[in-house]
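Below is one structure, written out as structure tokens; the observations come after it.
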Amino acid sequence: MSITERGKVLAIVIAGGCLLAACGKSTSERDSAAQAAASQPQTERQAGQSSLASIFPPGPGRELVLNTCGSCHSTACAARGQRTAERWDSIKKDHKDKLTGSSSEDLDVMFSYLKANFNDTKPEPQIAAELLQQGCTPF
């Protein structure tokens, strides 16, 4: 193998290692990054919203929402269309059969979080288009 070929192989190995390292972040590292983004002042979250962490404020149920809702649709969709408490209750009822991996307690926590943070008394967050590319189910 020539020096040039070895250099190409080495470059490929290094690039592959970098990709694996980026994908291999621990849950705690991802959670720390999400918490750091969520700790931005509300005005920054309203102006920036290019990440899920910037849309969903800290609180009980946040991590469940971020880790569960995206299994069927864009997680950002949950933050759209500020709903009444009654509408959130209806959506929760409709989701019980869809979220079979979530306990009843987890559903209660998730929907309490959504009702508290994304209701008809609060302004709808402006969400970056790239976070809605997967599409939103009308609900």
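The values are calculated or read from the model by the stated rules, or taken from the named source; none is laboratory data. Computed from a predicted model, the values in this text were never measured in an experiment. Cβ placement follows ideal geometry from the backbone for every residue including glycine, while neighbour counts extend to all protein chains displayed. Protein only, heavy atoms only, side chains kept; ligands, DNA and RNA dropped before computing areas. Shrake-Rupley method; radii C 1.70, N 1.55, O 1.52, S 1.80 Å.
Remarks
- Matching residues, segment 74-110, being among the hydrophobic types (A, V, I, L, M, F, W, C), open to solvent by less than 40 Å² (accessible area, probe 1.4 Å) and touching a residue at least 24 places away in the same chain (Cβ under 8 Å): ALA76, CYS77, ALA78, ALA79, TRP88, ILE91, LEU99, MET110
- Residue match in segment 48-60 (condition: modelled with pLDDT of 85 or more, on the phi > 0 side of the Ramachandran plot and over 12 Å from the mean Cα position of the chain (by Cα)): yes
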